[in-house]
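Trainee: One structure is given below, represented as structure tokens, and several questions about it will come after.
Rule-based calculations on the coordinates, nothing more; no lab input. Because the structure is predicted, anything quoted here is derived from the model rather than measured. Glycine also receives a Cβ, built like all others from the backbone with ideal geometry; neighbour counts cover every protein chain displayed.
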Amino acid sequence: MSAKPNPAGFSPELTLGISELDAQHEALFAMLGRIDAVSPDMYRQLDDDETDEMLDIMNDLKDSVMQHFSFEENLMDEADYPGLDEQQDAHERFLDDITRVEAELMNGTSVPPVKIHGSLADWFDAHIREMDLPFAKFRKESGK
Ligand SMILES: [Fe+2]
């Protein structure tokens, strides 16, 4: 029997009410779902072919995340959001996290995919709740 993953997904509580950002967030969660198909057992270390596939996913994820972050930061800038610097720092740290996962995949010290999926999904979930939702509230209240 193959092990069942239990990753976090996009939940309705994460809706910002800013349609482009919501669509992008949902697409990022869907992209994390590709991790589940890399291996029949999410709890074991990846073999070489699976590692290559995972690196492709990380690469696509990085591209999408970078586009999303710059779109989001632009909206924050336009709204004169005082939390922009903090957001940029958080976004940079997340990109560093992905780079670290890539390095671990390449040097054979990566954790099983269930953990990679879980930690990335947890980051998105917490980031949207703690940092993006307050922005959506600010934007609505300031009418920008
Ligand atoms: Fe953000």
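Trainee: Quick one: is Pro82 more than 15 Å from the ligand (Cβ to nearest atom) and not in a helix (DSSP H, G or I)?
Mentor: The answer is no for Pro82.
Trainee: Working carefully through the options Asp56, Asp48, Asp36, find the one that is free of Cβ contacts under 8 Å to residues at least 12 places away in the same chain and either more than 15 Å from Ile98 (Cα to Cα) or touching a strand residue (DSSP E or B) at 6+ places or on another chain (Cβ under 6 Å) (or both).
Mentor: Matching residue, one of Asp56, Asp48, Asp36: Asp48.
Trainee: Additional query: Would you mention how many residues in the stretch 40-78 are surrounded by fewer than 18 Cβ atoms within 10 Å (Cβ to Cβ) and in a loop (DSSP other than H, G, I, E, B)?
Mentor: 6
Trainee: Please pick out the residue among Ala103, Ala126 that is free of Cβ contacts under 8 Å to residues at least 60 places away in the same chain, under 21 Å from Leu21 (Cα atoms) and aliphatic (A, V, I, L, M).
Mentor: From the options Ala103, Ala126, the qualifying one is Ala126.
The rows are residues; the columns are (1) within 18 Å of the chain's Cα centre (by Cα); (2) among the aliphatic types (A, V, I, L, M); (3) more than 17 Å from Leu16 (Cβ to Cβ).
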site: Asp63; (1), (2), (3): yes, no, yes
site: Leu75; (1), (2), (3): no, yes, no
site: Gln88; (1), (2), (3): yes, no, yes
site: His91; (1), (2), (3): yes, no, no
site: Ile98; (1), (2), (3): yes, yes, yes
site: Gly118; (1), (2), (3): yes, no, yes
site: Met131; (1), (2), (3): yes, yes, no
